[in-house]
Every structure is written in structure tokens, then in C-alpha cells.
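These notes concern the structure reproduced below.
The values are calculated or read from the model by the stated rules, or taken from the named source; none is laboratory data. In this text, all values refer to a predicted model and were calculated from it rather than measured experimentally. Here Cβ is always computed from backbone atoms with ideal geometry, including for glycine, and neighbour counts include all displayed protein chains. Ligands, DNA and RNA are excluded from the accessible area calculation, which covers all protein heavy atoms including side chains. Shrake-Rupley method; radii C 1.70, N 1.55, O 1.52, S 1.80 Å.
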Amino acid sequence: MHIADGYLSPATVAVSYAVAVPLWVYGFKKLKEKLNEETLPMIGALAALSFVIMMFNVPVPGGTSGHAVGAALIAILFGPWVGFISVSLVLLIQAIVFGDGGISAWAVNSLAMGFIGSFVGYYVFKLLKDKTKFAPFFAGYISIVTAALFVGIVLGIQPIFWTHNGHPLYFPFSLKISVPAMVGEHALFFGIVEGIFTQLVYNFLTKKENEKVAA
């Protein structure tokens, strides 16, 4: 789901940063409210875990690949703003150090995987937590599929608005291709992986916390 440099028009990049920057500023304020001696190690560990799972890109038909994210898990445990900032920082490191995702596309990637992934996952979990024990699974699944939909739309509008002599200047495929490709692979595979990951880690951490309280 990492968009590389060259796939987005300058106008798209400008708009995405204009939207993302104030959200980052506010998100850092919310993150500071959560940080203390107890939460810092766990948030750092979960961000590192997100970094690791995002590095495992699985090839899929069509010449692209996908991966789990971990935004929903962080959001469930520490709130969506913490999830957003944590994933955004992970994406920045991946873009600068590993070239995984472009700097120009950092804002779009952060809005998709970080903001949308965190807030959708958080509110899905909040809605379902008293109704089913599989709320973390659904939170992870729906969050990453929704993020994929956003990426598919952003990519798919590029050839609609930015062409030269009938040839796309940036991402070449229309919404009819980009949206089904992104949503399909995440709905059928990566969403399930994300859901299972979120459920297992949430159950493990919750069990450990309950044991700690009982002791």
C-alpha cells in the first residue's frame, strides 16, 4: 500500500500535505498527553512491530504487493491519534531509509494507513467490543480494507485529471482498475492477515495485563 514517488501529481501531493500537516501537529499534542514511563515502552514496541510487519511485502497478481499495518492495534490500545502518529513515523523512516514509499507520497500514505486505518479500526472496535469477542479482528480487517479503498481512489483519479495528449502523466490506471485491485487483494487476503494479527496481539496483551492486575 506504500505509494512511491512519481505516482501522484504535484497538486495531489500539495493537497495531501495541506491536509496532513495540521493533523500531524494535533496528533503530536495528543501523543504527548499519552506518553509516560509506562506507556512509552509499549507504544515504542508496537510502533516497532508495525515497522516489521510492514516490511513483509507479499507479491500479488498485477505486479504489486501488500502487507499488514498494525494501525488498528495501536489505536485500540492507545487511541487513534497515537496510532496515526506512530504509523506516520514508521512510514517516514521506511521512505527515507529503505525507499519503501515515496517522500512526496508520505502524506497520502500516512492519511491512508495511519489516519484512516487508526480511526476506522478504533471506532469499529468501540462499536463491537461489547457485542463480540472478535471485535479486534473486525477492527483490523475493516481498517486496512478502508485504507486500501482510499489509496485506490487517490491513485485512480490521477489519469482523470492529469494527462498529456491522452497519456497519463502519473499513475496510469483508472478507478475501474485501481479500486478493485486495491480493495480486492486486501478484502480477500491482507485484511484477514491484519485482523488475525490484531486479534492475537490484543488478546495476548490483554491477558498479560489481567495477570498483572491479578498479581
Accessible surface of Asp5 in the full protein assembly, 1.4 angstrom probe, to the nearest 10 Å²? 90
Could you work out the longest stretch of the chain that avoids the trypsin sites (Lys or Arg not before Pro) located in DSSP loops with at most 16 other Cβ atoms within 10 Å? 1-128
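Given an 8 Å cut-off on Cα distances and at least 6 residues of separation, report the relative contact order of the stretch 1-121 as a percent.
Contact order relative to length: 36 percent.
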Straight-line reach from Lys30: which lysines have a Cα under 21 Å away, not including same-chain ones fewer than 8 places off? Lys126
Expressed as a rounded percentage, what relative contact order does the chain have, with Cα pairs under 8 Å and six or more residues apart? 23
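If you place +1 on the Cβ of every Lys and Arg, -1 on the Cβ of every Asp and Glu, and leave all else neutral, what size is the dipole of the chain about its Cα centre, to the nearest 20 Debye?
Numbers: 12 positive and 10 negative charges, 92 e Å.
Roughly 440 debye for the chain.
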Whenever you get a sec, compute what percent of the accessible area on the stretch 88-199 sits on carbon and sulfur atoms (1.4 Å probe). 74
Please report the spacing between the Cα centers of the stretch 76-94 and the stretch 15-34 in Å, no decimals. 11
How do the peptides 77-88, 183-194 rank, highest first, by the average count of neighbouring beta carbon atoms within 10 Å per residue? 77-88, 183-194
Could you list the GluC sites (Glu not before Pro) in the stretch 9-39 that lie in coil according to DSSP, counting only those with at most 10 other Cβ atoms within 10 Å of their Cβ? Glu37, Glu38
Inter-label distance for Phe28 and Leu200, nm, one decimal - labels placed 7 Å from Cα along Cα-to-Cβ: 3.5
